[in-house]
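Structure first, commentary second.
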Amino acid sequence: MRITTPLIALCCWAAANGLQQPAQPGHTRTASRLSHVSRKQFLSIPFFVVAGASAANAKELSPLLTIASTGMGLLKPFFAVESGLQAGSYDATAVRAQIATTIAENPVVVYSYTLSPFCTEAKELLTSLNAKYTVVELGAEWIPGLLNSEGSAIRAELGVMTGQTSMPHIFIKGESIGGLHSGTPGLVSLMESGSLTEKLSAASAINSPAETL
């Protein structure tokens, strides 16, 4: 048993209450187009820690995380706005170049938070498949105070590039496949369809038996 992040509580609440998604707003790197919402309002929302079990075996996916992922999808518009507010002003060209270099030089990249059970489960799943992957830890979590300026900028720019600001964010052979359950198509969806091993093999991202000894 471990204490999961406040994000799970928020996502489960959203899934239970059926939040409606507004129309997708235009991409923005600053808060200038959001003058009706203050930074303080977005960053001072109270969150509550809930208890849950992290998957002991990555092949046995956590039902709690599956439910919480529905809430995360409903909260996507909130995270899109919040990520820009938290990142503030940054050099988008430099950050995008950094991301491009990372995903070009590594067959599988997992952008991650160290405390996120979604990220932990994604990494455990890849490990169980003997995959080679590079982890880029952006910080402990997305919550202000747990994510530094560099991590915030990368998160915001990933959102501009792909529309996803949640972690994990996984790239295989330079292509975004989304997160654990979210995205297009998402790590779990790829696994369940039988396509994940094929993609990893095509990217030369599966360790040989000798490499795992």
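The values are calculated or read from the model by the stated rules, or taken from the named source; none is laboratory data. The model shown is predicted, which means the values in this text are computed figures rather than measured ones. As a convention, Cβ positions derive from the backbone with ideal geometry for all residues, glycine included, and neighbour counts pool all protein chains shown. Only protein heavy atoms, including side chains, enter the accessible area calculation; ligands, DNA and RNA are left aside. Shrake-Rupley method; radii C 1.70, N 1.55, O 1.52, S 1.80 Å.
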Members of the stretch 91-106 found to be part of a helix (DSSP H, G or I) and either touching a residue at least 12 places away in the same chain (Cβ under 8 Å) or open to solvent by 70 Å² or more (accessible area, probe 1.4 Å) (or both), listed by number: ALA92, THR93, VAL95, ARG96, GLN98, ILE99, THR102, ILE103, ALA104, GLU105
Failed criterion for GLY145 (all others in (1) without any contact (Cβ under 8 Å) to a residue 60 or more places away in the chain; (2) outside any helix (DSSP H, G or I); (3) open to solvent by 20 Å² or more (accessible area, probe 1.4 Å); (4) under 20 Å from GLY186 (Cα atoms) hold): (4)
Where SER208 falls short, out of the listed (1) at pLDDT below 95; (2) in contact with a helix residue (DSSP H, G or I) (Cβ under 9 Å, 6 or more places away or on another chain): (2)
Matching residues, the stretch 148-177, being open to solvent by 50 Å² or more (accessible area, probe 1.4 Å) and among the aliphatic types (A, V, I, L, M): MET161
Residue check, PRO25 modelled with pLDDT under 95 and not aromatic (Phe, Trp, Tyr): yes
Residues satisfying the stated conditions in the stretch 112-142, i.e. touching a Lys or Arg at 6+ places or on another chain (Cβ under 8 Å), within 19 Å of LEU187 (Cα to Cα) and among the aromatic types (Phe, Trp, Tyr): TYR133
Selected residue (only one of VAL109, VAL136, VAL188 is open to solvent by less than 60 Å² (accessible area, probe 1.4 Å), out of contact with any His (no Cβ under 6 Å at 6 or more places or on another chain) and over 17 Å from SER83 (Cβ atoms)): VAL109
Pick from the stretch 62-87, criterion open to solvent by 20 Å² or more (accessible area, probe 1.4 Å) and at pLDDT below 75, ranking: nearest to ILE154 (Cα to Cα): GLY73
Any chance ALA122 is in contact (Cβ under 8 Å) with a residue 60 or more places away in the chain, surrounded by 15 or more Cβ atoms within 10 Å (Cβ to Cβ), closer than 24 Å to THR70 by Cβ and out of contact with any Asp or Glu (no Cβ under 8 Å at 6 or more places or on another chain): yes
All positions within the stretch 170-212 that are without any contact (Cβ under 8 Å) to a residue 12 or more places away in the chain and either under 13 Å from the mean Cα position of the chain (by Cα) or outside any helix (DSSP H, G or I) (or both): GLU175, THR184, PRO185, GLY186, GLY194, SER195, SER208
